[in-house]
Amino acid sequence: MIACINFVPAPAEDKGADLHLWRHRDEEDKPTFSSKATWEQRRVHNPKLSWCKAVWLQQSISRFAFITWLAFQDRLSMGARSRAWGCVQPCLFCGELDETRGHLFFACPYSFTVWIDLVGFLLGSRVNPD
Ligand SMILES: [Zn+2]
C-alpha cells in the first residue's frame, strides 16, 4: 500500500487546483457529467435482435410494446410458468393444460380460427395456415 501511495505524485500548488473529471468514452475525460455517457459505459452491449423494430416503434403504445416484448422473450405469464409456482392455469379458450406461448399463438384451435379469419380478411383467399 505504501508503494501505491508513493507512486501517486504529491499535489503541488504550481500545477493548479484539482479537477473532478468524468469518463465519457474510452480515454476521454471531461469536467461535465453525462448520464448517457455513464449509461453507455455501464450497460452490456448486445447485438440488435432482428425483431426489435417490430416491437419498439416510435408511435407504439408502451404497454402493448412491453407485452409484445414479453411474448418475444417467452416471458408471458402462461399456464406452464404458473404451474412451476403450484398454480394450475389451463388455456382459457380450449382447456389445454399445457398453456404455452406456442400453444396460445399457434396451436390453440380458438386462436388458430381467429388468426385464419383475420389473415383471410386481410389477404383474401391466399391464406396458408403454415
Ligand atoms: Zn388453447
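Checking the stretch 56-77 against the condition returns no match, with no residue being modelled with pLDDT of 90 or more, within 15 Å of the ligand (Cβ to nearest atom), hydroxyl-bearing (Ser, Thr, Tyr) and surrounded by 12 or more Cβ atoms within 10 Å (Cβ to Cβ). Per this entry, Ser82 is counted among residues that are farther than 22 Å from Leu49 by Cβ, in a helix (DSSP H, G or I) and among the polar types (S, T, N, Q).
Per the listing Val88, Val114, the residue uniquely out of contact with any helix residue (DSSP H, G or I) (no Cβ under 6 Å at 6 or more places or on another chain) and either part of a loop (DSSP other than H, G, I, E, B) or at pLDDT below 90 (or both) is Val88.
A search for C-beta distances below 6 Å between a residue of the stretch 57-71 that is within 13 Å of Arg101 (Cα to Cα) and any residue that is surrounded by 11 or more Cβ atoms within 10 Å (Cβ to Cβ), counting only pairs 6+ apart in sequence or on different chains, returns Thr68/Val55; Trp69/Val55; Leu70/Leu76. For the stretch 80-99, does any single residue satisfy the condition of being within 20 Å of the chain's Cα centre (by Cα) and surrounded by 12 or more Cβ atoms within 10 Å (Cβ to Cβ)? Yes. All told, Ser111 meets the bar of being out of contact with any strand residue (DSSP E or B) (no Cβ under 9 Å at 6 or more places or on another chain), among the hydroxyl-bearing types (Ser, Thr, Tyr), surrounded by 12 or more Cβ atoms within 10 Å (Cβ to Cβ) and under 25 Å from Ser50 (Cβ atoms). Scanning the stretch 90-102 for residues that are closer than 10 Å to Met78 by Cα and either of a type in the set (Asp, Glu) or within 7 Å of the ligand (Cβ to nearest atom) (or both) returns Cys91, Asp98, Glu99.
The values are calculated or read from the model by the stated rules, or taken from the named source; none is laboratory data. Keep in mind that what you see is a predicted model, and the values were worked out from it rather than measured. Because the Cβ atoms are built from the backbone with ideal geometry, glycine has one as well, and the counts that use them run over all protein chains shown.
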